[in-house]
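What follows is a set of notes on a single structure, which appears directly below.
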Amino acid sequence: MTDLGAGKYGDEEIIGTNAKANVYAWYQAKSVKQSLVEGQRDLILTLMTSGAIREEELSNLQHHVQKLEKEIDRYRMEKRELLLGSEAVGEENWVQELDGELGRIVGAREYEKRLEALGRAGDVFDIAVLFLQLCLVVGAVSLVIRERRLKWAFYGGMVLMGGIGAAFSLRAFLFALSA
């Protein structure tokens, strides 16, 4: 049972790591797009302030710069939601859609917290499996020993190792379920 639990939560850790990487890649894509728009805005502003643009075109370009500023703000908000998650930014700040719906973004930081808990659980599962395997080894040795006192000593060691393994297993499941 412990080994199955360790495998299940280990798989969840791998899936969560991939999901976190996907969110960070999405975040980076938004950063690249934001940088491109900022570059476009900066170029237009430089041309406007240098006098390279005719006076009659300035109002059109100022309007375009305002649109670019709004786009930059939208990218900032999208990136914030991707980093923190929809729940953390609040419903009034939902801007990023997932499958056509707002408010469904699980942020990279949320994945990091869950992965940390799953990693802790995985470490405790490893200790539990170690003690349970030692329990089996000590129990097998107790079966082949003929000396009665030594046999009972190994049998007691088996029970002790099994109890410790069971306690660590329970602790690991509690860690994993709280993740």
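Computed from the coordinates by the stated procedures, all read-outs in this text should not be read as laboratory data. None of the values given here were measured: they were computed from a predicted structure. When we count neighbours, we look across all protein chains shown, and the Cβ atoms used for this are built from the backbone with ideal geometry, even at glycine.
Hey, rough spin-label estimate for Met48 and Leu61, points 7 angstrom out along Cα→Cβ, what's it come to in nanometres?
If labels sit at Met48 and Leu61, their model points lie 0.8 nm apart.
Bin width 5 Å, origin at 0, all Cα-Cα pairs of the range 12-85: what percent of pairs per bin?
Result, from short to long distances: 3, 15, 19, 16, 12, 10, 9, 6, 5, 3, 2, 1, 0 percent.
Relative to the longest principal axis of the C-alpha atoms of the chain, give the angle of the C-alpha long axis of helix 58-84, reported between 0 and 90° and rounded to the nearest 10°.
The angle comes out near 10 degrees.
Counting helices only, and only those DSSP H runs with n ≥ 4, report the 222 nm mean residue ellipticity of the chain as the sum of -39,500 (n - 2.57) divided by its residues, in deg cm²/dmol to the nearest 500. Intermediate values should be presented prior to the final figure.
Numbers: 5 runs with 148 residues, N = 179.
Helix-only estimate at 222 nm: -30000 deg cm²/dmol.
Quick one: if the Förster radius is 25 Å, what FRET efficiency do Glu116 and Leu4 give, using the C-beta to C-beta distance and rounding to 0.05?
0.65
Take the cross-link list Lys8/Lys30; Lys70/Lys113; Lys33/Lys113; Lys30/Lys67; Lys8/Lys79; Lys33/Lys67 and give me the ones stretching past 26 Å between alpha-carbons.
Pairs exceeding 26 Å: Lys8/Lys30; Lys70/Lys113; Lys33/Lys113; Lys8/Lys79.
Can you pull out the trypsin sites (Lys or Arg not before Pro) in the range 66-170 that DSSP calls coil and that have at most 13 other Cβ atoms within 10 Å? Please list the in-between numbers first.
Values: sites: Lys67, Lys70, Arg74, Arg76, Lys79, Arg80, Arg104, Arg109, Lys113, Arg114, Arg120, Arg146, Arg148, Arg149, Lys151; in loops: Arg104, Arg146.
Sparse-neighbourhood loop trypsin sites (Lys or Arg not before Pro): Arg146.
Two decimals is fine: what is log10 I(q)/I(0) at q = 0.25, 0.28 Å⁻¹ for the range 114-178, from a Debye sum with one equal scatterer on every Cα and no solvent?
Results for the range 114-178 at q = 0.25, 0.28 Å⁻¹ read -0.88, -1.00.
Rounded to whole Hz and in sequence order, give me ³J(HN,Hα) for the range 34-41 from the Karplus expression 6.51 cos²θ - 1.76 cosθ + 1.60, θ = phi - 60°, writing x for Gly and Pro.
Ordered by residue, 3J(HN,Hα) equals 4, 4, 5, 5, 4, x, 5, 4 Hz.
Under 8 Å for C-alpha pairs, at least 6 residues apart: give me the relative contact order for the chain, rounded to a whole percent.
Relative contact order of the chain: 24 percent.
Which value does Rg/Rh take for the chain over its C-alpha atoms, Rh per Kirkwood?
1.39
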